[in-house]
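Below is one structure; the comments refer to it alone.
The values are calculated or read from the model by the stated rules, or taken from the named source; none is laboratory data. Only a predicted model underlies this, so the values are computations on that prediction, with no experimental measurement involved. Note that we place each Cβ from the backbone using ideal geometry, even for glycine, and neighbour counts take in every protein chain shown. Each accessible area value is taken on the protein alone, full model and side chains, heavy atoms only, with ligands, DNA and RNA left out. Shrake-Rupley method; radii C 1.70, N 1.55, O 1.52, S 1.80 Å.
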There are 2 protein chains.
Amino acid sequence: MTEQSGSGRITANDVARLAGVSRSAVSRAFTPGAYVSRDTRAKVERAADLLGYRPDMLARSLTTSRTFLVGVITTHLDNPFYATLLQRLIEEIQRAGMAAVTFIADETSNDERISQLLSYRVDALVLTNTSLSSKMSVRCARGDTPVIAINRYLEVDNIVSVTCDNELASAAIGKLFVKKGRRRIAYMAGEPDTSSSRDRERGFRAGLSELGATLHSSAVGNYSHDGGVRAARELLSSSVRPDAIFCANDLMALATVDVARKDFGLDVPGDLMVAGFDNSDAAAWATYRLTSVDQNIPGMVRSAVEEIEAAVVERGRMRRRVLIPPTLVERESTGGPKSIDEPKYGS
Amino acid sequence: MTEQSGSGRITANDVARLAGVSRSAVSRAFTPGAYVSRDTRAKVERAADLLGYRPDMLARSLTTSRTFLVGVITTHLDNPFYATLLQRLIEEIQRAGMAAVTFIADETSNDERISQLLSYRVDALVLTNTSLSSKMSVRCARGDTPVIAINRYLEVDNIVSVTCDNELASAAIGKLFVKKGRRRIAYMAGEPDTSSSRDRERGFRAGLSELGATLHSSAVGNYSHDGGVRAARELLSSSVRPDAIFCANDLMALATVDVARKDFGLDVPGDLMVAGFDNSDAAAWATYRLTSVDQNIPGMVRSAVEEIEAAVVERGRMRRRVLIPPTLVERESTGGPKSIDEPKYGS
DNA sequence: TTGAAAGCGCTAACAT
DNA sequence: ATGTTAGCGCTTTCAA
């Protein structure tokens, strides 16, 4: 067993010496589409294995200006949807042979984080549930760093937004309520200044009016459980109580079910139908059996990473918006699945 | 407004030219403890601001052999505890001026991920809910890369494990059940081959026997909700049903409450007391009000990052194990908080 | 205190 | 197909 003398980093030189070839031969052996003879490649690989050598990505990046690093900025992960989204995104990035440098957005220090990521020369930037200041947008553009936004539609140039079709799915929920005979239909908004919350409200209203119904009341729950508790109390305290509530995410919908049962003694779905958004794990739990919208996270992250790969090679302009078709998942909180022969929307 | 001619990356040379100083002056202006006159520093800073310059971390790392990159390997984030842990860990890493390169462990490709991180010359490696093969352990040691394990105690050299005091907290739960008058007390294990699940069982048994009680039955729920459902059905189907179950995490405990109520029509805590571990958000929800153990995630990640910083400067041997004191959070699932004057354990 | 020069580990253009 | 040479952008001795 040949050993390395100076403990510490093993370099291409060490491998070259051991294999009896030049440094460039070693480099070529580790470069996918390079001219190396079967023979030298074998020698290099054996030597590399022996020494436990692996090219230094930093040094490599310095010459290739490809780091295989993707910067990811996300929010707090208390919301399980964000957690799952981040997990799948990271997995997809690593499946594509890259690595994710992840930051949690401070909201206040968002620009600083992006600047930091840029100093690592990330090949691309992915923003999940986060915005981009126009200042940073131009810095990314100048550095030729493609930016992909997931789950937020950003009105900024040179950025591709990947979201599910919030309007379509929300309209489907609205129509579901009406078909189930509900008439006092309420909406619980997420964070009011996000595109997702606005799109969901717009779609929901459209779905209602398509069947001749109209919104009875609404409140803001800020996408959090606590906010959902407050908003649910507000809605249900009304003198004319709603008989159906569409919450802009599951966290608020679960809170709404809790409040309806515990604080108001209501039966779900008898007295009150509730629907959410995200199809989180808890939506399927026996206690809730919550109707919800599956955003197709795998589809979203796949699109996002495809956009990254395209942008990295093309270096050109990018598509502005990608819409992922969601799926409505009906459970007992809206009276259970509809009859089997009724067609689902979406593909 | 002076602008940069060649769009693309701005280098120290550009700044030097604009500021009328040398490259090294620029470098020194960006190096905390370096000899630069107030005057040149000011000139450099102004020029850098104007150009939007920021030192290239990759190039810098190549000479300093400090990347300010921390490799993080974690598991699936379906478990909200892992999600919160990861979030806080990343936040703590970025507060320390470093960046986290995050991978989701494939279990099968764990070694490959670590090797990949090593090729980025990460300053340290953090494993959360993950193991380390002895092969990789020696590669880390050879490269002088410190390894910190969170939430797993690993029997490997040169590694520091940060966990909460699982045994202490679990013993407290055991004693709580006995004090509340329960005698048919069961344990629901997590993944059987993890140190956390084993330590919790050991502590729980110890707590019981300390008050003269003994374990009635046990099952394995693998730390998942589905697993918890199955294990709860198993335990509650017994001819002599348990009247208290300690689940090794909240996900399983919530599942147990659901099963007890929905499938067996039991009252919690009347017919069955349930306690969990992690003090996840859902444990506080009105439907569950679950007694649980708060592992003090902020304390865990703070210790972990302190260990990183210490290891990076010292390059010496490290402490083997850090125990974080947890807190018992009593809620209605075990009959509500005890009287106010009864002392809590831990600090 | 500052600038000039060397080099971190690698890849790529050029010769062979 | 292989080796030689010249950098990638930075820090850091070494002189001045």
_What pairs come out if I take residues in the stretch A:14-27 that are open to solvent by 60 Å² or more (accessible area, probe 1.4 Å) and pair them with residues that are near DNA strand D (Cβ under 6 Å from one of its atoms) and assigned to a loop (DSSP other than H, G, I, E, B) whose C-beta lies under 8 Å away, six or more apart or interchain?_
none
*more than 13 Å from DNA strand D (Cβ to nearest atom) and farther than 28 Å from B:D106 by Cβ, is that true of A:D14?*
yes
*Scanning for something more than 9 Å from DNA strand D (Cβ to nearest atom), among the β-branched types (V, I, T), modelled with pLDDT under 90 and assigned to a loop (DSSP other than H, G, I, E, B), does the stretch B:2-9 turn up at least one residue?*
yes
*Which of the helices (runs of 4 or more DSSP H) contained wholly in the stretch A:211-321 include at least 2 residues that are in contact with an Asp or Glu (Cβ under 6 Å, 6 or more places away or on another chain) and either without any contact (Cβ under 8 Å) to a residue 40 or more places away in the chain or open to solvent by less than 30 Å² (accessible area, probe 1.4 Å) (or both)?*
A:297-314
*Of all residues in the stretch B:144-158, which are open to solvent by less than 40 Å² (accessible area, probe 1.4 Å) and either modelled with pLDDT under 90 or of a type in the set (S, T, Y) (or both)?*
B:T145, B:L154, B:V156
*Take the residues in the stretch B:120-143 that are aliphatic (A, V, I, L, M) and closer than 15 Å to A:G8 by Cβ, then tell me which one is surrounded by the most Cβ atoms within 10 Å (Cβ to Cβ).*
B:A141
*asked:* If the requirement is being without any contact (Cβ under 8 Å) to a residue 40 or more places away in the chain and within 13 Å of DNA strand C (Cβ to nearest atom), which of these qualifies: A:A47, A:A42?
replied: A:A47
*Give the residues of the stretch A:28-60 that are among the aromatic types (F, W, Y) and either in the same structural domain as A:A12 (by the TED database) or open to solvent by less than 30 Å² (accessible area, probe 1.4 Å) (or both), sorted by residue number.*
A:F30, A:Y35
*Is it true that A:P55 is within 11 Å of DNA strand C (Cβ to nearest atom), more than 14 Å from chain B (Cβ to nearest Cβ) and not in a helix (DSSP H, G or I)?*
no
*Keeping to the stretch A:87-131, report how many residues are within 12 Å of another protein chain (Cβ to nearest Cβ) and assigned to a strand (DSSP E or B).*
6
*For the stretch B:61-83, which residues satisfy the criterion of being over 22 Å from the mean Cα position of the chain (by Cα), part of a helix (DSSP H, G or I) and crowded, with 19+ Cβ neighbours inside 10 Å?*
B:S61
_Looking at the stretch A:26-51 only, could you name the residues that are within 9 Å of DNA strand D (Cβ to nearest atom) and among the basic types (K, R)?_
A:R28, A:R38, A:R41, A:K43
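Quick grid of which residues meet (1) under 23 Å from B:R331 (Cβ atoms); (2) among the aliphatic types (A, V, I, L, M); (3) not assigned by the TED database to the domain that holds B:N79:
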{"site": "B:S170", "(1), (2), (3)": "yes, no, yes"}
{"site": "B:E191", "(1), (2), (3)": "no, no, yes"}
{"site": "B:L208", "(1), (2), (3)": "yes, yes, yes"}
{"site": "B:H216", "(1), (2), (3)": "yes, no, yes"}
_Going residue by residue through the stretch B:132-144, is there one that turns out to be in contact (Cβ under 8 Å) with a residue 60 or more places away in the chain and either outside the structural domain of B:I245 (by the TED database) or part of a strand (DSSP E or B) (or both)?_
yes
*asked:* Filter the stretch A:22-52 down to the residues that are in a loop (DSSP other than H, G, I, E, B) and away from every other protein chain (no Cβ under 14 Å) and list them by number.
replied: A:S22, A:T31, A:P32, A:G33, A:A34, A:Y35, A:V36, A:S37
